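Visitor: Below is the structure I would like to discuss, written out as C-alpha cells.
The values are calculated or read from the model by the stated rules, or taken from the named source; none is laboratory data. This structure is a prediction, so every number in the text was calculated from the model and none was measured. Using ideal geometry, Cβ is built from the backbone for each residue, glycine included, and neighbour counts are taken over all protein chains shown. Calculation scope for accessible area: heavy atoms of the full protein, side chains included, ligands and nucleic acids excluded. Shrake-Rupley method; radii C 1.70, N 1.55, O 1.52, S 1.80 Å.
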Amino acid sequence: MGSFQAPPGMRSSALLETSCGYLLQELQMIWNEVGEDQSEREKVLLELEQECLEVYRRKVDRANMSRARLHQELAESEAEFTHLLLSLGERSLPGRPEKMSGTIKQQLDSITPALREMRLRKEERVNQFRAVQGQIQKISAEIAGQSEYDDSITNVKVNENDLSLKKLEEYQNELQRLHNEKNNRLQQVEKYIAAVHNLSATLGMESSMIITKVHPSLNELCGISKNISDSILAKLNSTVESLQEEKQKRLEKLHQLGKALKNLWSLMDTSYGDRYLFSHVIDQLSVSSAEVSDPGSLTLDIIQQAEAEVKRLDQLKASKMKELFLKKQNELEEICNKSHMEIPSRSEMENILNLINTGEIDYAELLMSIDEQISRAKEEASSRKSIMEKVEKWILARDEERWLEEYSMDENRYSVSRGAHRNLRRAERARVTVNKIPALVDSLIAKTKSWEEERRKDFLYDEVPLLAMLEEYNLSRQEREEEKQRQRQIKKVQSQVVVGQQNFTTSRPSTSNRRLSNKSLNGGFGNASPLNRRLSLSIQQLGSNGKNSVSLGTSFIKEGKKEQGKRIFPRPNFTSQLRDDTASVVSTFSGPLSP
C-alpha cells in the first residue's frame, strides 16, 4: 500500500488529523498482517503519541518565540521611533497613524518605513551637529591659542539624545558668537600689528622682529594662521604700550633738547643756517605724542645728534656767557638811562662777572634773573612813560624860560640887527610856553603822587625824588617872581629919583656925572640879585645839559635833604634885604637932592 499524499494547498489542522488517521489505519493494517501483539501495539502508539506531542510542543514553542520576537521587534521599533521623535524634537511623523491595528507583522510593516525615514533624519541631523560642533571646537581652539588642532569630524562627539532644532540653533548661535569673537580678535591683532608698524617706523625700529618676537604666526611670511589667544593679545597690547612709552620718553627727551637748543640759540644769537639744521627738533615742541607719526621722526640718531649739539653749544655758552651778560647789562642800563631810573650797582655786576669767570654760577638762573630785571625795568619804564613825557616837556619849557630870561636881560634885543625878528618871534612863543609851566608842574606833581601811591615808593629821576625837584622848582620860581617884583620896585624908585633930580636941577648933569649915576644904578641893581640867582641855578641847569644838568640839580636836592628839609637858601632876611638895597640905592642919589 502506497503512502498517503495530502492534497496540495491543504494546511489546516483537519488535513493533519486526516493524514494522521490514514497513517494510523495503515499501521493497524500492517500490524494485523504481521500479527503484532496488542502490548507492542499499545507501546508503539504511546511512543507515537509522545513523539507527536513533542513535535507539537516544539512547534508551539517556536511559534511562541517567533511571536515574542516580533512583539519585541515591534516594541523596539516603536521605542526607537519614539526616541527619535524625542531626540529630533518632533511630536509625530506626518502620514503615520497614531494608533496601529492588524497583526504584529502588519504593525511592523507599517512602522518600518516611518522608522527608516526617522533614521535618515537623525543621520542628517547628526551630520549637521557634527559640522557645527566641529567648527565650534576649531574656532575655540584658535581662540585658546592651540597651534595644532585635529579638525577631523570623526573626533567630534555628538549628543544623540538631543538633536532638536532648538539645540542645533543654540550651537549655531554659539558658532556665530565665536565667529564674531574671532573676527574681533583678528581685527584687534591687525590693529596692534598696524600700531607696532607705525610706532616702529616713528622710532626707527624693525617691526617684523618685534612682531615675530611676540609670536611667529603674526608674521605674514610664516604662512600660518595668526594666533589670536588672550595671551597673544595681552603680549601685543603690552608691546604697543611699551613702544608708546618709549615714544613718549623720546618725545619728552626731544622736547627738553629742543627747549635747550632754543635757549642756547637765543643766548648766543645763533645764525639761521645753524638753527635750520635742527628745525625738525624745534617743530616737535608744540606737538603731543599722539600727533607725532612721521616715519623716523623719533629715532635714536636724531636724539643723539640733538644731544651732541646741545653739548657743543653748552661748551660755547661758557665762553659767550660773559659777553651775553654784558650785553643784557647794557640793555638794562639803557632802559634805566632812558627812563632816568636807578641803575644796578656796579660792584654787584662786577661780582657776577667774577663768578662767571670762575664758573661758580648757574647760567640759567643768572640769565633768568637779569631777564626778570629787564622785564621789571621795562614794566616800570612803561608805567613812568606818561610822567617822563611831561618831565621832558617841563625840561623843554625850562629851557625856553631860561632863554627868555636871558633874552629879556639883553638891552639890544630891540635893536635892528640880523636875526632880531626871529628872536622876537621865539620870545613870543617862549612866553606862551612859560605861561603853561605852572599847570604842567601841577599836573606832573599829581601824576607823580598817584604813581607813588600805586607803587608805594618814591619816583626817582636819576636817583633823586622827582617831587622834591618839582617842589624846589616851584620854590625857586616863586623866589624869582619875588625878585622880579623887587627889581620892579627898585626901578620905580630909581625913576622917581631921576624925575625929582630933573625937576630941581636947572642945568643938565655932565656926561661924567651921568655915567657915574648909571654905574651906581647898575651897581645897585647888580648887588640885589646874585643871591636869588644862585637859588635857581640847579633848576636852570636841568634843561641845559641833559642828564649832567639834572645831576647838578639832584646834588642840590641831596644837600637839601641832608639839612632835614631846611631850605638851602633861607628867606627870613628877604624883606629886610629888599629894604636895605632900596635904601642904598636911594642914598646913592640923595647927594644931589640935598640943599
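Visitor: With a sphere of radius 12 Å drawn around the Cβ of residue 387, what net charge do the other residues whose Cβ falls strictly inside it have (Lys, Arg +1; Asp, Glu -1)?
Guide: Once positives and negatives cancel, what remains is +2.
Visitor: Still on this structure, I have one more. If you bin every alpha carbon distance in the range 20-124 into 5 Å steps from zero, what whole percent lands in each bin?
Guide: Spelled out per bin, shortest first, that is 3, 10, 15, 12, 9, 7, 5, 6, 6, 6, 6, 6, 5, 3, 2, 0.
Visitor: To make sure I understand the rule: partners must be lysines, Cα under 20 Å from the Cα of residue 105, and not fewer than 8 residues away in the same chain. Which ones qualify?
Guide: Cross-link targets: 59.
Visitor: Same structure, new question: Taking the alpha-carbon distance from residue 327 and a cut-off under 12 Å, which aspartates and glutamates remain once sequence neighbours fewer than 8 residues away in the same chain are dropped?
Guide: Straight-distance partners of residue 327: 269, 371.
Visitor: Just the number, please: carbon plus sulfur as a percent of the accessible area of the range 20-124, 1.4 Å probe, no ligands or DNA/RNA counted.
Guide: C and S atoms contribute 54 percent here.
Visitor: Which lysines, if any, have their Cα less than 25 Å from the Cα of residue 492, not counting same-chain residues under 8 positions apart?
Guide: Counting by Cα, and skipping residues close in sequence, residue 492 has these lysines nearby: 484, 519.
Visitor: Here's a follow-up. Using Cα centres only, tell me the gap between the range 459-499 and the range 373-390 in whole Å.
Guide: Here the answer is 32 Å between Cα centres.
Visitor: Restricted to Cα positions, what overall size does the range 270-386 have along the principal axes? Three whole-Å values, descending.
Guide: Projected onto its principal axes, the Cα set of the range 270-386 covers 56, 40, 24 Å.
Visitor: Just how many pairs of Lys in the range 166-305 have C-alpha atoms closer than 28 Å, counting pairs that are eight or more places apart or on different chains?
Guide: For the range 166-305, the number of qualifying lysine pairs is 27.
Visitor: Using all alpha carbons of the range 250-310, what is the percent of pairwise distances in each 5 Å bin, ordered from the shortest bin to the longest?
Guide: Calculated P(r), rounded to whole percents: 4, 18, 33, 24, 13, 6, 1.
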